[in-house]
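A short write-up of the structure that comes next.
The values are calculated or read from the model by the stated rules, or taken from the named source; none is laboratory data. This one's a predicted model, so the numbers in the text were calculated from it and none came from an experiment. Cβ placement follows ideal geometry from the backbone for every residue including glycine, while neighbour counts extend to all protein chains displayed. Ligands, DNA and RNA are excluded from the accessible area calculation, which covers all protein heavy atoms including side chains. Shrake-Rupley method; radii C 1.70, N 1.55, O 1.52, S 1.80 Å.
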Amino acid sequence: MLGICRGRRKFLAASLTILFVPAITWIYLFAGSFEDGKPVSLSPLESQPHSPRYTASSQRERESLEVRVREVEEENRVLRKQLSLVQGRGPAHHRGNRSKTYSMEEGTGDSESLRAGIVAGNSSECGQQPVVEKCETIHVAIVCAGYNASRDVVTLVKSVLFHRRNPLHFHLIADAIAKQILATLFQTWMVPAVRIDFYDADELKSEVSWIPNKHYSGIYGLMKLVLTKTLPSNLERVIVLDTDITFATDIAELWAVFHKFKGQQVLGLVENQSDWYLGNLWKNHRPWPALGRGYNTGVILLLLDKLRKMKWEQMWRLTAERELMSMLSTSLADQDIFNAVIKQNPFLVYQLPCFWNVQLSDHTRSEQCYRDVSDLKVIHWNSPKKLRVKNKHVEFFRNLYLTFLEYDGNLLRRELFGCPSETDVNSENLQKQLSELDEDDLCYEFRRERFTVHRTHLYFLHYEYEPASDNTDVTLVAQLSMDRLQMLEAICKHWEGPISLALYLSDAEAQQFLRYAQGSEVLMSRHNVGYHIVYKEGQFYPVNLLRNVAMKHISTPYMFLSDIDFLPMYGLYEYLRKSVIQLDLANTKKALIVPAFETLRYRLSFPKSKAELLSMLDMGTLFTFRYHVWTKGHAPTNFAKWRTATTPYRVEWEADFEPYVVVRKDCPEYDRRFVGFGWNKVAHIMELDAQEYEFTVLPNAYMIHMPHAPSFDITKFRSNKQYRICLKTLKEEFQQDMSRHYGFAALKYLTAENNS
């Protein structure tokens, strides 16, 4: 606070200097222009040589006075420049001091109040009341549609959350895809003092579909026009943002600007920083009408209550209808119509300083909006090129954007102390469950992981698939971390059907995966692969949570529960679809077993038939899976019988059995208490058996495990005695739970375990 007051004193001194130095100077000059009490005229007519008053001395005196006037004018110019710098640094003092009072930067609609503030504010501004109260909720509206826009929204929200000190209420106008993705994301993110409401964008299409639009945003790029009608009638004001925005300051500073609106000002906008609306970009370039350079609608402050009273809906519709008669379509979506309305009604707009929307499209004047980093407030990637845009400072802006892109979102789950938040039932239940755990228990971390809520981003990449109409479709389900990424292309080559993958990644790793996928022709050619990011948290690999996430988000009636290290045989997808019909999986509880094999060779000539595989088994190129370290995991498959089998055959459950199976999508989930290495699949197969699933081995199906370095979790299992003790404890507790749930029939699991 002391630093702010000192800054204001400097501001006051500079102001007084500008006011008083010229006055004193002119008094001095005026007094010096008298001779013997009579004024000395500086009139050109009276200063000619023929004038009776003219003398050599008076000429020299006149010239010296003119020199002095020029010196004073130069001093004034320097002082004005210094004063403008003091004004420009004002907001930085506020940010550095983390004050509750947000600076009110100059906008063209309020220069008079600023000048008045120089006089009145110098004596009292250090103690002025906050414009945005500590716990005042800030409302933000965003239109979002599709998979890519959903990713962009996350980065925008991260930048807002990073700086914010107020509760936030996001109003998301979203299509069905974005709603599914973002609803799950925010539900699992569990950020305190953040509320999310969704509005169906598809229901709004009829409101704007009559407007032809050439912009790449399509019909969704027009939906900001109908926010007065879409958002709750009791919502008075809202900040509207494009998805390609990055905040570099607290959004409360922008919210505070609403208090500067006067008269009929209802729209807060930044001037467009390109020459688009000047109409001189190319020959016959004919943009929509705009006031001067026009305004950019990437950041909008809307006074909803006043707009409704002004009949905004009727205003923009009439304007659009009139202009479309000659323009035929919009080029910049809603922005064209906003500007056409403002052209006719300039009193509606309050012009925001341009640092509230630094527009990074090609050939803009954005560099005039900032002198240094402290001037930046909002960065707008409003070019289709996005991060590849041309700007001499683009590397700095790109790094700022990437900082939030890769920032650990879990760190943004911080409380706003002193602000009451709405009761979250899920959060309360989670806290209750955690409080019941004994923190002195040596297996506490294992037990805690079962209740950990992992932030989840569904469909990280574009997904487009309609299941086959014959109800035989099968989705391959698997999970992976960053160290298994190289398996994706190979699996896609072996399995042409739909795939559902859960990836356990950090925020930074998610971006590495995105770059990897976008650079792969194989992966980019497949739109039937659903990539679901489960963000890292805690010390264990939540293998069964990942499987459950991948299982939950399939669109086919059946699923093949696999692991990422296995390559299915060529043609397995079609073979399984035929087997589903042959074995009547729709009406029976069956788990179809795909026999598993392995190779120790990193380069393998993959067998194209069962006969070729049997030959490789005989030569020692292939082995039955884990025959040398965990035989009983797959022994019940009965590989000896499989060698000669030509029809499916049934096998019985045995202790530690963990085959890879094809089941209906309504099968039970995996048990989350098992994390990392050990018993994660065994427990699931045990539960299938308890629910009376029939295990049937497919005679002409196979999958092969590819070699890889040992995982971190298996290394912990082998080296950490406490890890093994806790796993044994969890197994016993699971078996007890099975007995309680399934009764007498489940006692065999206890007996089998004791005999194994």
Quick check on Gly268: is it open to solvent by 30 Å² or more (accessible area, probe 1.4 Å) and at pLDDT 90 or above? no
Do we have Ser469 as open to solvent by 80 Å² or more (accessible area, probe 1.4 Å), in the same structural domain as Lys578 (by the TED database) and more than 24 Å from the chain's Cα centre (by Cα) here? yes
Looking at the range 142-163 only, could you name the residues that are open to solvent by less than 10 Å² (accessible area, probe 1.4 Å) and not in a helix (DSSP H, G or I)? Ile142, Cys144
Report yes if some residue within the range 505-513 is of a type in the set (A, V, I, L, M), modelled with pLDDT of 95 or more and under 15 Å from Leu458 (Cα atoms); otherwise report no. yes
Exactly one of (1) surrounded by 15 or more Cβ atoms within 10 Å (Cβ to Cβ); (2) modelled with pLDDT of 95 or more is unmet by Lys493. Its number? (1)
Quick one: in the range 363-380, of everything that is of a type in the set (S, T, N, Q) and in a helix (DSSP H, G or I), which residue is modelled with the highest pLDDT? Gln368
Output for Cβ contacts, cut-off 9 Å, separation at least six or different chains, first residue within 17 Å of Trp653 (Cβ to Cβ) in the range 579-598, second in a loop (DSSP other than H, G, I, E, B) and among the basic types (Lys, Arg), reads Ala596/Arg626
How many residues are among the β-branched types (Val, Ile, Thr) and in a loop (DSSP other than H, G, I, E, B) if we restrict to the range 181-238? 2
If we scan the range 501-517, do we find a residue that is surrounded by fewer than 15 Cβ atoms within 10 Å (Cβ to Cβ), out of contact with any Asp or Glu (no Cβ under 7 Å at 6 or more places or on another chain) and under 30 Å from Leu585 (Cα atoms)? no
Mind checking which residues of the range 514-548 are outside any strand (DSSP E or B) and among the small types (Gly, Ala, Ser)? Ala517, Gly519, Ser520, Ser525, Gly538
Give the number of residues within the range 467-513 that are touching a helix residue (DSSP H, G or I) at 6+ places or on another chain (Cβ under 8 Å), of a type outside the set (Ser, Thr, Tyr) and not in a loop (DSSP other than H, G, I, E, B). 22
So, Gln265, is that one part of a loop (DSSP other than H, G, I, E, B), of a type outside the set (A, V, I, L, M) and closer than 16 Å to Phe355 by Cβ or not? no
Can you tell me which residue is surrounded by the fewest Cβ atoms within 10 Å (Cβ to Cβ) among those in the range 308-362 that are of a type in the set (S, T, N, Q) and part of a loop (DSSP other than H, G, I, E, B)? Ser329
Restricting attention to the range 574-591, and to residues there that are buried (at least 20 other Cβ atoms within 10 Å of the Cβ) and of a type in the set (Gly, Ala, Ser), which single residue is farthest from the chain's Cα centre (by Cα)? Ser579
Given the conditions (1) open to solvent by 60 Å² or more (accessible area, probe 1.4 Å); (2) of a type in the set (A, V, I, L, M, F, W, C); (3) touching a residue at least 60 places away in the same chain (Cβ under 8 Å), which single one is not true for Leu278? (3)
Within the range 198-212, which residues are touching a residue at least 24 places away in the same chain (Cβ under 8 Å) and open to solvent by 40 Å² or more (accessible area, probe 1.4 Å)? Phe198, Asp200, Asp202, Pro212
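Quick grid of which residues meet (1) under 25 Å from the mean Cα position of the chain (by Cα); (2) modelled with pLDDT under 80; (3) of a type in the set (S, T, N, Q):
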position	(1), (2), (3)
Asn399	yes, no, yes
Pro420	no, yes, no
Asp424	yes, yes, no
Gln433	no, yes, yes
Asp441	no, yes, no
Residue list for the range 281-302, restricted to those being part of a strand (DSSP E or B) and open to solvent by less than 10 Å² (accessible area, probe 1.4 Å): Asn296, Thr297, Gly298, Val299, Ile300, Leu301, Leu302
For the structure I just gave you, tell me whether Tyr541 is out of contact with any strand residue (DSSP E or B) (no Cβ under 8 Å at 6 or more places or on another chain) and not polar (S, T, N, Q). no
Residues that are touching a Phe, Trp or Tyr at 6+ places or on another chain (Cβ under 9 Å) and among the aliphatic types (A, V, I, L, M), drawn from the range 607-646: Leu613, Met616, Leu617, Leu622, Ala635
Kindly provide the set of residues from the range 602-622 that are surrounded by fewer than 11 Cβ atoms within 10 Å (Cβ to Cβ), at negative phi and in a loop (DSSP other than H, G, I, E, B), ordered by number. Tyr602, Arg603, Ser605
